[in-house]
Amino acid sequence: MATTQLSIDEQIALYKRGAAELFTEEDLRTRLTLAATQKRPLRVKLGMDPTAPDIHLGHTVVLRKMRQFQDCGHKAVLIIGDFTARIGDPTGKTKARPQLSAGQIKANATTYFEQAGHVLDTDPEKLEIVHNSEFLSRLDLADILKLMSHMTVAQMLQRENFKDRMKQDVEIVMTELMYPLMQAYDSVMIDADVELGGTDQTFNNLVGRDLMPNYDKPAQIVLTMPILRGLDGIDKMSKSLGNYIAVTDAPKDMFGKTMSIGDDLMPEWYTLLTELSPDAIQLATDPKTTHPRDAKVRLAKIVVATYHDQAAADREEELWQKVMREGQLRDDVPEIAVTADAGAAADGKLLFDRASLVVQCGFASTKSEARRLMSQGGIKLDEDALEAAKEPIAIVKGQILRRGRRHAVKLDPHA
């Protein structure tokens, strides 16, 4: 969406949409006015430590805000924290993070940039990539002491999780105390006008805002975004919790996972993951005007179209309707090889322990869970419910095993 012609008032309204906090709107207006007078773009910073290889929709909330700044003509500066990742951000952690190897950090950083390109405009005129090892690794002891002199221990211990760890007598490593200062030094070095982050980064980002005047730089504006709740509607989206949608997920998985969220999550997801106006979101998520199923389909299509294309989104809607409304199978049911574990019948057909078969197909993690699903009628072989009986069952190539309506595999039995 091209928005380069927006006025300062319109830009501020756009940047505030969906945001949690802005420090401060007055400062942002002043900086935008100055930039317009000087005919230069703002430098908008986002730091990302490559501590894991994948980016999910939770990460894209801040990336999408950065893209809005790009579309208004400003310069995005993506900080790849290949140096700070060696420590690990202590935010939200109850103990020190394990340090990553240089190889892990490098591999993750490459993946981060590739995946961020699903959201950001990667034109070099609009995006600058900076690895903070370029300057942090060159600090000598005098530089580090100067940096540390700008913050007191009392200030640092105001951080909520540090307070909790001290109360619980959990150690705080000295390098963790340095982390916010090093992230703040990034802002100094790249002359950040604005720093973006999730609400979990507010402390770190405000350290940068406070630090910059000590280096004769104007204090950066800080804009924070809410943390996106994951598929469970409770915890923040996280790969470790399994409640996430990765930006590299297949269209089928993106669509299906989005359709699985609770109705109460839709206003949040619409606000943080789409460009719809607040009025349009209100109409889309109000059950008096839009059926929740239809609102969810629309949201799922937007998600798929954003990270794939509109044709993929249209196809997934068509297949979803086929499966969920008509009870038919998708035409792209995956084939899975399964290993017989109960020998062979007299006619030569391969025999399977029923619970083992369900586990092999990924429909249950344990045999006891598989037996529970079968006893509840949740597993079908072709069109018939698979009973939780003890005797083995014969399987031939091409049969379909299903769990509910959404999950199905075509069986390819082997001895």
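Filter the cross-link list Lys257/Lys390; Lys75/Lys163; Lys257/Lys367; Lys252/Lys410 down to pairs whose alpha-carbon distance in this structure exceeds 28 Å.
Pairs exceeding 28 Å: Lys257/Lys390; Lys75/Lys163.
Evaluated at 4 °C with a viscosity of 1.567 mPa s, what Stokes-Einstein diffusion coefficient in µm²/s does region 313-371 have when Rh comes from the Kirkwood expression over alpha-carbon pairs?
Approximately 93 µm²/s, per Stokes-Einstein.
What is region 159-201 by shape, rounded, prolate or oblate, if you read a ≥ b ≥ c off the alpha carbon gyration tensor as root eigenvalues and call it rounded for a/c under 1.5, prolate for a/b larger than b/c, and oblate otherwise?
Oblate, because a/c is 1.5 or more while a/b does not exceed b/c.
Take each of the peptides 119-127, 216-224, 366-374, average the number of other beta-carbon atoms within 10 Å over its residues, and list them starting from the highest.
216-224, 366-374, 119-127
What distance in nm separates the two pseudo spin-label positions at Ala337 and His118, each 7 Å out from Cα along the beta-carbon direction?
In this crude spin-label approximation the distance works out to 2.9 nm.
Filter Lys288/Lys380; Lys65/Lys301; Lys45/Lys146; Lys126/Lys322; Lys39/Lys301 down to the pairs with a C-alpha to C-alpha distance above 31 Å, please.
Exceeds cut-off: Lys288/Lys380; Lys126/Lys322; Lys39/Lys301.
For region 240-313, what value does the Rg/Rh ratio take when both radii are computed over Cα atoms and Rh is the Kirkwood radius, given to two decimals?
0.96
State, to one decimal in nm, how far the label point of Ala394 lies from the label point of Thr24, with both points 7 Å from Cα in the Cβ direction.
For the pair Ala394/Thr24, the computed spacing is 8.1 nm.
Using the Kirkwood radius over C-alpha pairs as Rh, can you work out the diffusion coefficient of region 183-236 via Stokes-Einstein at 20 °C, viscosity 1.002 mPa s, in µm² per second?
After rounding, the answer is 181 µm²/s.
Return the Cα extents of region 110-177 along principal axes one, two and three, sorted largest first, each rounded to a whole Å.
Each principal axis gives a Cα extent; for region 110-177 these are 46, 31, 18 Å.
For Thr289 and Thr199 in one chain, what is 0.36 nm times their gap in residues minus the Cα-Cα distance, to one decimal in nm?
29.2 nm
Give me the percent of accessible area attributable to carbon and sulfur for the chain, probe 1.4 angstrom.
Carbon-and-sulfur percentage of accessible area, whole number: 52.
For region 285-332, what are the per-bin percents of Cα-Cα distances with bins 5 Å wide, up to the bin holding the maximum?
5, 22, 23, 22, 19, 7, 2, 0
What number comes out for accessible area per residue over region 1-71 if the probe is 1.4 Å? Units Å², please.
45
Using only Cα atoms, find the angle between the long axis of helix 202-211 and the longest principal axis of the chain, and express it within 0 to 90 degrees, rounded to the nearest 10.
With rounding to tens, the tilt is 20 degrees.
Return P(r) of the chain (all Cα-Cα pairs; 20 Å bins starting at 0; whole %; ordered from short to long distances).
Histogramming the chain at 20 Å steps yields 22, 46, 25, 6, 0 percent.
If you plug each phi of region 316-325 into the Karplus form 6.51 cos²θ - 1.76 cosθ + 1.60 with θ = phi - 60°, what whole-Hz ³J(HN,Hα) values come out, in order, with x for Gly and Pro?
5, 4, 4, 5, 5, 4, 4, 7, 7, 9
Accessible area per residue for region 298-337 in Å², computed with a 1.4 Å probe and the full protein assembly in place, what is it?
That works out to 53 Å² for each residue.
Under the Karplus relation 6.51 cos²θ - 1.76 cosθ + 1.60, θ = phi - 60°, what is the ordered set of whole-Hz ³J(HN,Hα) values for region 26-37, x standing for Gly and Pro?
Running phi through 6.51 cos²θ - 1.76 cosθ + 1.60 with θ = phi - 60° gives 4, 5, 5, 4, 4, 5, 5, 5, 5, 4, 5, 5 Hz.
How charged is the neighbourhood of Leu319? Take every other residue with its Cβ under 9 Å from the Cβ of Leu319, and add Lys/Arg as +1 and Asp/Glu as -1.
Here the charged neighbours net out to -1.
Express as a percent, rounded to the nearest 5, the fraction of DSSP beta bridges in the chain (both residues included) that run antiparallel.
Just about 45 percent of them are antiparallel.
Listed highest first by mean packing, meaning other Cβ atoms within 10 Å per residue, what order do 70-77, 278-285 come in?
The peptides rank, most packed first, as 70-77, 278-285.
For region 137-273, what ratio Rg/Rh do Cα atoms give with a Kirkwood hydrodynamic radius?
We get a ratio of 1.08 for region 137-273.
Can you compute the equivalent ellipsoid semi-axes for region 207-337, i.e. the square root of 5 times each eigenvalue of the Cα gyration tensor, sorted largest first and rounded to whole Å?
Each semi-axis is √(5λ); the values are 35, 19, 14 Å.
The values are calculated or read from the model by the stated rules, or taken from the named source; none is laboratory data. It should be emphasised that the depicted structure is a prediction, and the values quoted were computed from it without experimental measurement. Positions of Cβ are generated from backbone atoms using ideal geometry, with glycine treated the same way; all protein chains shown enter the neighbour counts. We work out accessible area using only protein heavy atoms, side chains counted, and drop any ligands, DNA or RNA first. Shrake-Rupley method; radii C 1.70, N 1.55, O 1.52, S 1.80 Å.
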